[in-house]
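The values are calculated or read from the model by the stated rules, or taken from the named source; none is laboratory data. Only a predicted model underlies this, so the values are computations on that prediction, with no experimental measurement involved. With ideal geometry, Cβ positions are generated from the backbone for all residues, glycine too; neighbour counts draw on all protein chains shown. Only protein heavy atoms, including side chains, enter the accessible area calculation; ligands, DNA and RNA are left aside. Shrake-Rupley method; radii C 1.70, N 1.55, O 1.52, S 1.80 Å.
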Amino acid sequence: MVARHTLGPELTGISSPDPLKFAFAGKKSAHTQSGSIPVPAEQTQDVYRQLMDSPANPKLLTNGKRLAYIHIPFCRTHCSYCGFFQNTTKKDEIARYVDYLEREIRMSAQDAWTQEGLFHGVYFGGGTPTDLTPEQILRLGNAVRESLPLANDVEITFEGRFHGFDNDKIAACLESGFNRFSLGAQSFNTTLRRRMSRIDSGEFLLERLDYFNSLNNAAVVVDLMFGLPGQTLDDWERDLYTFLQSKAHGVDLYQLILLGSSRMKQSIEKGSMPEPASSPERAEMFRMGVETLSSHRVGRLSVSHWGRDTRERNIYNHGVKSGAEIMPFGSGAGGNFAGHNAMSLRALPAYYDALDAGKKPIMMMSKATGNKPLLGTIGSGFDRGWLEIAKLNHAGGEGMSDHCMPLFEAWQENGLATIHHGILDLTLPGQFWNVTMHQALINFLEQHPLDGQNTEKAA
Ligand code: SF4
């Protein structure tokens, strides 16, 4: 058993009268990371082929779910906070890209791995899928339905911006089977939106949400960001109430993580943009978000995601956090399948060349070293905000729950979680710090293996 006093504050947080604001030094990343070993570049195609020619390993299917991610790496403008911009939207280039992307999707239909099980979530993300034409949406939507075995309740999401997502494109989405729209509002405040290089006004967004609602078809969820430069608590409250008055079915609340490469960071450093909210201010905004949505009885689907009615299910996003297998398609797409992580080529010429040569356009691949069922169980718990402690034994081996208990008890002492009836329940501070705590548990398991096996145990 690991002694409680040997665990450092980077794992346990610190004791504070206000853990929401001060338990940890600050949130550094939006995602957790776990161990992997790179596959040498010259072996990636052989390894990939071997994996695809074998049926899927049911032990790797966390929650029995499989997902597909399809990337559209074009944006009309470069949002100032974003570090993921790839290519400027150009009609001819998108047309060429869609030809290749369709080919990549259809190629995978012949693989034993693809046909071995059902896909429960498909996500068209970017970039900006809403920059596709109606014809391109239909082609890609049909390619997915004709190539991937889909569960009969599959969630198929089309992500994008309100800008340029006209009625014909929406109709094409519905015709080709999309049943969920995830739209990056970020804020309904026009001034704040323009600071992020988002083109349309808040009023325009509300008009479009009214239009979606008039169709009475497919779930519509919006993202709202807190901690933006110059955003006050009053601004944030107005955004929350605007969501409540809107016709959107769900909302994702996420905090700004200022990326080093973003134009926003450079503008702040030059003094041409106000400072973003500090970590304690973001914590206060998170509290306001949770309390406002709870008091209006909006159902909570994860620590950061809410659904107003039964239309919103959040299958893909929860699957990603739970370690579900994800097959990536498209330039710059990332995924994980058959115990491996892969990232596709980001440069379009290289992406096209690989497909011309009949290859999966992989830029890099690594073999995950962690115990996938255990990491999936932990990821699922942190996404929901509660973890069934005994399940750690099923996933990580007998004794795993007891092994982790000193860390859980330290979190309880520091106001980040409670333990009762076998459930580790994140408190409001724990929900705010959930990525930090999730990463802390992964680090704890890597630093303190259970009988030398835990996260390295073969899945
Ligand atoms: S936030 Fe989305 S739309 Fe904006 S630049 Fe980044 S990828 Fe493109």
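Listed values, structure above:
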read-out: Residue within the range 97-107 that is within 14 Å of the ligand (Cβ to nearest atom) and over 25 Å from A151 (Cα atoms) present; value: no
read-out: Residue ID - modelled with the lowest pLDDT, chosen from residues in the range 145-167 that are under 19 Å from T89 (Cα atoms) and open to solvent by 40 Å² or more (accessible area, probe 1.4 Å); value: H163
read-out: Residue in the range 113-124 that is within 15 Å of the ligand (Cβ to nearest atom), under 25 Å from the mean Cα position of the chain (by Cα) and under 29 Å from V221 (Cβ atoms) present; value: yes
read-out: So A95, is it buried (at least 19 other Cβ atoms within 10 Å of the Cβ), farther than 23 Å from M225 by Cβ, touching a residue at least 12 places away in the same chain (Cβ under 8 Å) and not aromatic (F, W, Y); value: no
read-out: Selection count, the range 121-138, where residues are farther than 30 Å from G64 by Cα and open to solvent by 10 Å² or more (accessible area, probe 1.4 Å); value: 5
read-out: Residue identified as in the same structural domain as S187 (by TED's automatic domain parsing) and within 18 Å of the chain's Cα centre (by Cα) among P129, P134; value: P129
read-out: Of all residues making up the range 333-349, the number that are surrounded by fewer than 18 Cβ atoms within 10 Å (Cβ to Cβ), outside any strand (DSSP E or B) and without any contact (Cβ under 8 Å) to a residue 60 or more places away in the chain; value: 2
read-out: Residues satisfying the stated conditions in the range 127-154, i.e. in contact with a strand residue (DSSP E or B) (Cβ under 9 Å, 6 or more places away or on another chain) and either of a type in the set (V, I, T) or free of Cβ contacts under 8 Å to residues at least 12 places away in the same chain (or both); value: T128, T130, I137, V144, V154
read-out: Flag if S197 is assigned by TED's automatic domain parsing to the domain that holds R161, in contact with a Cys (Cβ under 7 Å, 6 or more places away or on another chain) and either more than 19 Å from R263 (Cβ to Cβ) or not in a strand (DSSP E or B) (or both); value: yes
read-out: Residue match in the range 296-307 (condition: at pLDDT below 95, part of a loop (DSSP other than H, G, I, E, B) and among the aliphatic types (A, V, I, L, M)); value: no
read-out: Any hit, the range 77-91, residues being touching a residue at least 24 places away in the same chain (Cβ under 8 Å), more than 9 Å from the ligand (Cβ to nearest atom) and surrounded by fewer than 21 Cβ atoms within 10 Å (Cβ to Cβ); value: yes
read-out: First in the range 50-69 and under 13 Å from E325 (Cα atoms), second anywhere and modelled with pLDDT of 90 or more and open to solvent by 80 Å² or more (accessible area, probe 1.4 Å), Cβ under 7 Å, 6 or more apart; value: R66/L118
read-out: Per-region count, the range 360-411, residues among the small types (G, A, S), in contact with a helix residue (DSSP H, G or I) (Cβ under 9 Å, 6 or more places away or on another chain) and within 30 Å of E102 (Cβ to Cβ); value: 1
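Yes/no per residue for (1) touching a residue at least 40 places away in the same chain (Cβ under 8 Å); (2) open to solvent by less than 10 Å² (accessible area, probe 1.4 Å); (3) not in a helix (DSSP H, G or I):
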position: R282; (1), (2), (3): yes, no, no
position: F286; (1), (2), (3): yes, no, no
position: G289; (1), (2), (3): yes, yes, no
position: L293; (1), (2), (3): yes, yes, no
position: D309; (1), (2), (3): yes, no, yes
position: Y316; (1), (2), (3): yes, no, no
position: S331; (1), (2), (3): yes, yes, yes
position: Y351; (1), (2), (3): yes, yes, no
